[in-house]
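The values are calculated or read from the model by the stated rules, or taken from the named source; none is laboratory data. Given the structure is predicted, the values throughout are model-derived calculations rather than measurements. Cβ sites come from the backbone with ideal geometry, for glycine too, and all protein chains shown count toward neighbours.
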Amino acid sequence: METRHNVCSVQFSPEVSHLLAAGSVNHKVHLFDIRKTSQPLTVAPGHGKAVSYVRFLPNGRLVSASTDGTLRVWSVAALSAAGAGGGGEAALEAACEVVLRGHQNERNFIGLSASPESYIACGSETNEVVCYHRSLPPPVARHCFSGRRAGGGAGERCSRGACGAGFGGRCSLHGGGGGGGAGEAAGVGEDSHFVSSVCWSKRHGTLLAGNSAGHIKVLQLI
């Protein structure tokens, strides 16, 4: 299997054993059927920069993240049908059900994780964890690793989305020694860091997140 470009992320579908997705620096999402590896099942455009992550969601959906600062939620069935039927770029674009915006990502790998309940978490270059639901374009919750959000007042560590959800901190760990992260030791302010990795637990609403300063937090969606 080849994409002819650097591959940033791959994942097998948990629902269809022969299906896999790949994100590439050519701004596209690739679907492959491992029973027929000579060419991709479909190649979907839409992102404006490299596709850094792909993750399958329940109920035949796929989410992709890009350094264009967006997440895109795709119908896997529509992508497959567009590729098989030769529907062209318009049909592939129509397979994108929603574009999620509300985090900042221009240059770093910020992590992407999808929960069994179709919540999607990613990091942000504002040192925040941002949570979406696949059916709602605005974020449903966010948590800032520093004491305030970029551009916000002191104490704006957590905020709730339009649906009323929010993050509650369960515990906070630190990967560095002597009380300061690597960036802090070098004189880099906390607001210069970014959330670099996220992972949903199988336990409902529990999220693990880490940032570039060496901090790890366990958060609960409430």
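Taking Leu62, is it in a strand (DSSP E or B) and either modelled with pLDDT of 95 or more or not polar (S, T, N, Q) (or both)? In short, yes. With respect to (1) of a type outside the set (A, V, I, L, M, F, W, C); (2) touching a Lys or Arg at 6+ places or on another chain (Cβ under 8 Å); (3) crowded, with 18+ Cβ neighbours inside 10 Å, the lone exception for Ser75 is condition (3). Among residues belonging to the range 193-222 that are of a type in the set (Gly, Ala, Ser) and either loosely packed, with under 15 Cβ neighbours inside 10 Å or touching a strand residue (DSSP E or B) at 6+ places or on another chain (Cβ under 7 Å) (or both), point out the one that is modelled with the lowest pLDDT. Looking at the filtered set, the residue picked out is Gly205. Please work out if Ser38 is small (Gly, Ala, Ser), surrounded by fewer than 19 Cβ atoms within 10 Å (Cβ to Cβ) and part of a loop (DSSP other than H, G, I, E, B). Yes, satisfied. When Ala78 is tested against (1) in a helix (DSSP H, G or I); (2) in contact (Cβ under 8 Å) with a residue 40 or more places away in the chain, just one condition goes unmet, and that condition is (2).
If you check Ser38, Ser9, Ser13 for being among the hydroxyl-bearing types (Ser, Thr, Tyr) and under 24 Å from Asp68 (Cα atoms), only one passes: Ser9.
Listed by first and then second residue, the pairs with beta-carbon distance under 6 Å, at least 6 apart or on different chains, first residue in the range 59-73 and among the β-branched types (Val, Ile, Thr), second part of a loop (DSSP other than H, G, I, E, B), are Thr67/Lys49; Thr67/Ala50; Thr67/Asn105; Thr67/Glu106; Thr70/Arg101; Val73/Arg134. Taken over the range 17-35, residues that are closer than 18 Å to Val98 by Cα and assigned to a loop (DSSP other than H, G, I, E, B) amount to 2. For the range 76-95, the condition holds for no residue, the condition being that it is touching a strand residue (DSSP E or B) at 6+ places or on another chain (Cβ under 8 Å) and at positive phi. Any residue at all in the range 58-65 that's over 20 Å from the mean Cα position of the chain (by Cα) and more than 24 Å from Thr126 (Cα to Cα)? No - not one qualifying residue is present in the range 58-65. So for the range 77-95 (the condition being within 16 Å of the chain's Cα centre (by Cα) and either under 29 Å from Ala141 (Cα atoms) or at pLDDT 95 or above (or both)), does at least one residue qualify? Among the residues of the range 77-95, not one is within 16 Å of the chain's Cα centre (by Cα) and either under 29 Å from Ala141 (Cα atoms) or at pLDDT 95 or above (or both), which makes the answer no.
Considering every residue within the range 99-107, establish whether at least one is under 14 Å from Ser135 (Cα atoms), of a type outside the set (Lys, Arg) and either outside any loop (DSSP other than H, G, I, E, B) or at pLDDT 95 or above (or both). Yes, the range 99-107 contains a residue that is under 14 Å from Ser135 (Cα atoms), of a type outside the set (Lys, Arg) and either outside any loop (DSSP other than H, G, I, E, B) or at pLDDT 95 or above (or both).
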